[in-house]
Amino acid sequence: MIYLDYAATAPLSPTAIDAMAGAARGWANPSSVHAPGRAARAALEEARGAIGAALGFHGSVILTSGGTEALGIALRQARAAVRMVSASEHAAVLGQAPGAAVIPVNADGQVRLDRLEAMLGEADGPALVAVMHANNETGTVQPLPEVIRLTRARGGLVLADCVQSAGKLPLPDADLIAVSAHKLGGPAGAGALLVRDPACLQPAPPAGGQERGFRPGTENWLGAIGFAAAAQARAADTGWTERAAGLREAIEAAAVAAGGEVIAAHAPRLPTIACLRLPGVDAMLQLMQLDLAGFAVSAGAACSSGKVKGSHVLRAMGLGAEAAGEAIRVSVGWNTTAAECDAFGRAYGDMARAMLRKAA
Ligand code: PLP
């Protein structure tokens with residue numbers, strides 16, 4: 001099986017496996033005062049610092065159980081009067097921001113800055129504006145410097161979901177940033193909320209008091225160590241994102257040659273995600289054919305149940321329900337080879353010819 005679904009999750013990097021295996025030989029609760037507890041605390045704090053440094057972030061790192069929890073903390077606990085979210089946010093934002101005002105996106109999936117400016121102007125107080133750095137279905141990169149400028153001019157805060165972009169693009173200068181280990185070669189179940197100024201967050205309701213009161217519960221120190229090692233491996237592998245962009249372009253060229261379309265082709269995009277539509281062919285049929293041919297790719301967002309749902313992201317970009325149901329996501333990562341992408345290009349061509357013949 002050739003794995004081209006890195007946007008869903010990436011394989012554990014050998015560096016992360018080694019770091020976690022080494023750390024797992026000793027264990028203790030980092031809050032314990034005995035010597036093993038103090039050693040676990042030291043290892044946890046070292047991992048915290050390494051995560052920030054590897055991602056190029058200077059500020060507070062609140063360790064969480066992943067991107068979803070980091071986003072939830074920001075959405076619930078940020079000191080703001082109103083909440084705004086872009087229409088193309090991940091379900092981890094949309095589902096945790098009930099009642100938030102929705103900022104529309106354009107045909108490339110980029111947030112409409114004119115609409116954001118108008119919404120900020122009409123808001124009843126400072127806003128928390130959640131705009132993701134890069135979209136998980138299309139790879140579209142958002143104009144975050146402009147979003148940040150407009151929001152700060154009105155006294156608001158910006159929450160950037162950087163779950164897909166961390167380790168691939170320099171992080172934006174947002175007030176709150178959510179990241180996740182398993183998208184860059186670390187373990188699932190570890191992530192962080194990066195906070196420029198902790199004063200912008202209210203503490204969580206009283207509980208264990210860990211993570212400076214912002215995220216109670218015994219810390220996943222093993223996960224943090226794996227996260228740090230994976231982030232360091234990405235930072236040390238200079239040039240991997242250029243390699244990934246070349247692979248993505250090869251995949252897109254093969255798809256276009258076979259009758260496919262690249263969604264948001266001319267927008268700034270992540271080097272690792274290609275969203276490919278094959279007009280007239282249901283995404284589920286494409287996935288099944290590619291799966292039989294030995295390729296693991298996905299349709300839209302891989303949701304928790306493994307079912308394929310109509311993509312709210314593509315609908316928000318103006319695609320009709322049918323067209324939105326004809327797009328698949330192919331995503332490469334740190335371990336993907338040119339030979340795998342060539343093989344995918346051939347398999348996509350075979351699949352497209354067979355499907356289009358059937359549809360005719
Ligand atoms: N945000 C985006 C853009 C994602 O792609 C994902 C994961 O699919 C998440 C948030 C959720 O992250 P986690 O799986 O670490 O909870």
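The values are calculated or read from the model by the stated rules, or taken from the named source; none is laboratory data. All of these numbers come straight from a predicted model, not from anything done at the bench. As a convention, Cβ positions derive from the backbone with ideal geometry for all residues, glycine included, and neighbour counts pool all protein chains shown. For the accessible areas, the whole protein counts, side chains as well, though only heavy atoms, and no ligand, DNA or RNA atoms are used. Shrake-Rupley method; radii C 1.70, N 1.55, O 1.52, S 1.80 Å.
Grab the helices (runs of 4 or more DSSP H) fully contained in region 307-360, keeping just those with 2 or more residues being open to solvent by less than 40 Å² (accessible area, probe 1.4 Å) and under 21 Å from MET1 (Cα atoms).
Qualifying helices (runs of 4 or more DSSP H): 338-359.
Could you tell me whether any residue of region 183-193 is more than 11 Å from the ligand (Cβ to nearest atom), under 13 Å from the mean Cα position of the chain (by Cα), buried (at least 20 other Cβ atoms within 10 Å of the Cβ) and basic (Lys, Arg)?
No, region 183-193 contains no residue that is more than 11 Å from the ligand (Cβ to nearest atom), under 13 Å from the mean Cα position of the chain (by Cα), buried (at least 20 other Cβ atoms within 10 Å of the Cβ) and basic (Lys, Arg).
For region 253-266, enumerate the residues that are farther than 16 Å from ALA343 by Cβ, surrounded by fewer than 16 Cβ atoms within 10 Å (Cβ to Cβ) and in contact with a helix residue (DSSP H, G or I) (Cβ under 9 Å, 6 or more places away or on another chain). Full working, then the answer.
Let us first name the residues in region 253-266 that are farther than 16 Å from ALA343 by Cβ, namely 256, 259-266.
Next cut, surrounded by fewer than 16 Cβ atoms within 10 Å (Cβ to Cβ) only: 256, 265-266.
Selection gives ALA265 alone.
For region 238-252, state whether one or more residues are outside any helix (DSSP H, G or I), open to solvent by less than 40 Å² (accessible area, probe 1.4 Å) and in contact (Cβ under 8 Å) with a residue 24 or more places away in the chain.
no
Based on this model, can you work out whether ALA123 counts as more than 13 Å from the ligand (Cβ to nearest atom) and within 17 Å of GLY191 (Cβ to Cβ)?
So ALA123 does not fit the description; no.
Taking GLY223 as the residue in question, decide whether it is buried (at least 24 other Cβ atoms within 10 Å of the Cβ), under 16 Å from ILE51 (Cβ atoms) and touching a residue at least 12 places away in the same chain (Cβ under 8 Å).
Taking the combined requirement at face value, the residue satisfies it.
Please go through (1) in contact (Cβ under 8 Å) with a residue 40 or more places away in the chain; (2) open to solvent by less than 10 Å² (accessible area, probe 1.4 Å); (3) more than 24 Å from LEU12 (Cβ to Cβ) for VAL158 and return the number of the only condition it doesn't satisfy.
(1)
Select, from LEU144, LEU94, the only residue that is free of Cβ contacts under 8 Å to residues at least 40 places away in the same chain and under 16 Å from the mean Cα position of the chain (by Cα). So that I can check it myself, show each step before the final result.
On the way: LEU94 fails: free of Cβ contacts under 8 Å to residues at least 40 places away in the same chain.
Residue meeting the stated conditions: LEU144.
With the condition kept exactly as written, say whether any residue in region 293-305 is farther than 21 Å from VAL163 by Cα, open to solvent by 10 Å² or more (accessible area, probe 1.4 Å), at pLDDT 95 or above and of a type outside the set (Phe, Trp, Tyr). Steps first, answer last, please.
Taking region 293-305 first, the residues farther than 21 Å from VAL163 by Cα are 293-295.
Filter again for open to solvent by 10 Å² or more (accessible area, probe 1.4 Å), leaving 293-295.
Applying the additional criterion that residues be at pLDDT 95 or above yields 293-295.
Filter once more, so that each one left must be of a type outside the set (Phe, Trp, Tyr): 293-294.
For region 293-305, residues farther than 21 Å from VAL163 by Cα, open to solvent by 10 Å² or more (accessible area, probe 1.4 Å), at pLDDT 95 or above and of a type outside the set (Phe, Trp, Tyr): present.
Count, please, the residues in region 126-149 that happen to be under 30 Å from ALA274 (Cβ atoms) and either open to solvent by 20 Å² or more (accessible area, probe 1.4 Å) or more than 12 Å from the ligand (Cβ to nearest atom) (or both).
8
Tell me which residues, restricted to region 3-21, are outside any loop (DSSP other than H, G, I, E, B) and open to solvent by 40 Å² or more (accessible area, probe 1.4 Å).
TYR3, PRO14, THR15, ILE17, ASP18, ALA21
Do you know which residues across region 198-212 are part of a loop (DSSP other than H, G, I, E, B) and open to solvent by 40 Å² or more (accessible area, probe 1.4 Å)?
Passing the criteria: GLN202, PRO203, PRO205, PRO206, ALA207, GLY208, GLY209.
Report, by residue number, each residue of region 34-43 that is open to solvent by 20 Å² or more (accessible area, probe 1.4 Å) and assigned to a helix (DSSP H, G or I).
Answer for region 34-43, where residues must be open to solvent by 20 Å² or more (accessible area, probe 1.4 Å) and assigned to a helix (DSSP H, G or I): ALA35, PRO36, ARG38, ALA39, ARG41, ALA42, ALA43.
Does ASP114 satisfy the criteria of being more than 11 Å from the ligand (Cβ to nearest atom) and touching a Cys at 6+ places or on another chain (Cβ under 6 Å)? Full working, then the answer.
Values: more than 11 Å from the ligand (Cβ to nearest atom): yes; touching a Cys at 6+ places or on another chain (Cβ under 6 Å): no.
Taking the combined requirement at face value, the residue does not satisfy it.
Which condition breaks for VAL281 when tested against (1) farther than 14 Å from VAL332 by Cβ; (2) open to solvent by less than 10 Å² (accessible area, probe 1.4 Å); (3) assigned to a helix (DSSP H, G or I)?
Every listed condition holds for VAL281 apart from (3).
Scan the strands (runs of 3 or more DSSP E) fully inside region 44-107 and keep the ones with 3 or more residues being touching a helix residue (DSSP H, G or I) at 6+ places or on another chain (Cβ under 7 Å) and within 16 Å of the ligand (Cβ to nearest atom).
Ranges flagged: 60-64.
Out of everything in region 163-180 that is closer than 17 Å to SER60 by Cα and open to solvent by less than 10 Å² (accessible area, probe 1.4 Å), what residue ends up being nearest to the ligand (Cβ to nearest atom)?
SER180
Would you call ALA160 near the ligand (Cβ under 10 Å from one of its atoms), in contact with a helix residue (DSSP H, G or I) (Cβ under 9 Å, 6 or more places away or on another chain) and closer than 30 Å to TYR3 by Cα?
So ALA160 fails the test.
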